[in-house]
1. Computed FRET efficiency, Cβ-Cβ of Asn51 and Arg92, R0 25 Å: what is it to the nearest 0.05?
2. Simple spin-label model, 7 Å along Cα-to-Cβ: Gln74 to Met1 in nm?
3. If you roll a 1.4 angstrom probe over the protein chains with everything in place, what fraction of the accessible area of the chain belongs to carbon and sulfur, to the nearest %?
4. Using DSSP to define loop residues, name the trypsin sites (Lys or Arg not before Pro) in the range 18-95 whose beta-carbon has at most 10 other beta-carbon atoms within 10 Å.
5. Divide by every residue of the chain the summed helix terms, -39500 (n - 2.57) for each DSSP H run of at least 4, and state the resulting mean residue ellipticity at 222 nm, rounded to the nearest 500 deg cm²/dmol.
6. Is there a quick way to get the dipole size of the chain? I mean about its Cα centre, with the Cβ of Lys and Arg at +1 and of Asp and Glu at -1; what is the value in debye to the nearest 20?
7. Filter the GluC sites (Glu not before Pro) in the range 1-80 to those in DSSP coil with at most 13 other Cβ atoms within 10 Å of their Cβ, and list the result.
8. Multiply the residue gap between Val25 and Val83 by 0.36 nm, knock off their C-alpha separation, and tell me the result in nm, one decimal place.
Amino acid sequence: MVIVAGQIVVEASDREAYLAGCVRVVELARAAEGCLDFSIAADLVEPGRINVFERWESQQAVEAFRGSGPDGDQSAAMLSASVAEYDVAGIRSLT
């Protein structure tokens with residue numbers, strides 16, 4: 001399993017528009033083969049922060065979906081980004 005997690009920072013005044021532009025990406029990701037979960041969401045505390053969380057069956061599934069990454073408008077809106085992929089060796093359910 002692969003987890004992709006981190007944050008993107010945009011101007012606080014641009015965050016809602018940025019997220020609105022991500023709706024289709026989330027829909028496509030969730031429908032993609034190998035996607036277990038996919039979320040891009042506003043942070044509850046920091047007004048310009050957007051949290052990213054993805055869970056995939058495999059690296060191949062990530063790569064098949066990922067393509068070229070954010071479009072030009074999304075990339076231009078980012079002030080900073082810190083998103084990484086994590087290979088998961090084991091899982092412990094907390095519920």
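The values are calculated or read from the model by the stated rules, or taken from the named source; none is laboratory data. Predicted model, so just to flag it, every value in this text is computed and none were measured. Every residue, glycine as well, gets a Cβ built from its backbone with ideal geometry; the counts of neighbours run over all protein chains shown. Surface accessibility is based on the protein's heavy atoms, side chains included, excluding ligands, DNA and RNA. Shrake-Rupley method; radii C 1.70, N 1.55, O 1.52, S 1.80 Å.
1. Between Asn51 and Arg92 the formula returns 0.65.
2. 2.3 nm
3. 53 percent
4. Counting only loop positions with at most 10 other Cβ atoms within 10 Å, the trypsin sites (Lys or Arg not before Pro) in the range 18-95 are Arg92.
5. -8000 deg cm²/dmol
6. I would put it at about 200 debye.
7. Glu11, Glu33, Glu57
8. Length difference between fully extended and current span is 19.3 nm.
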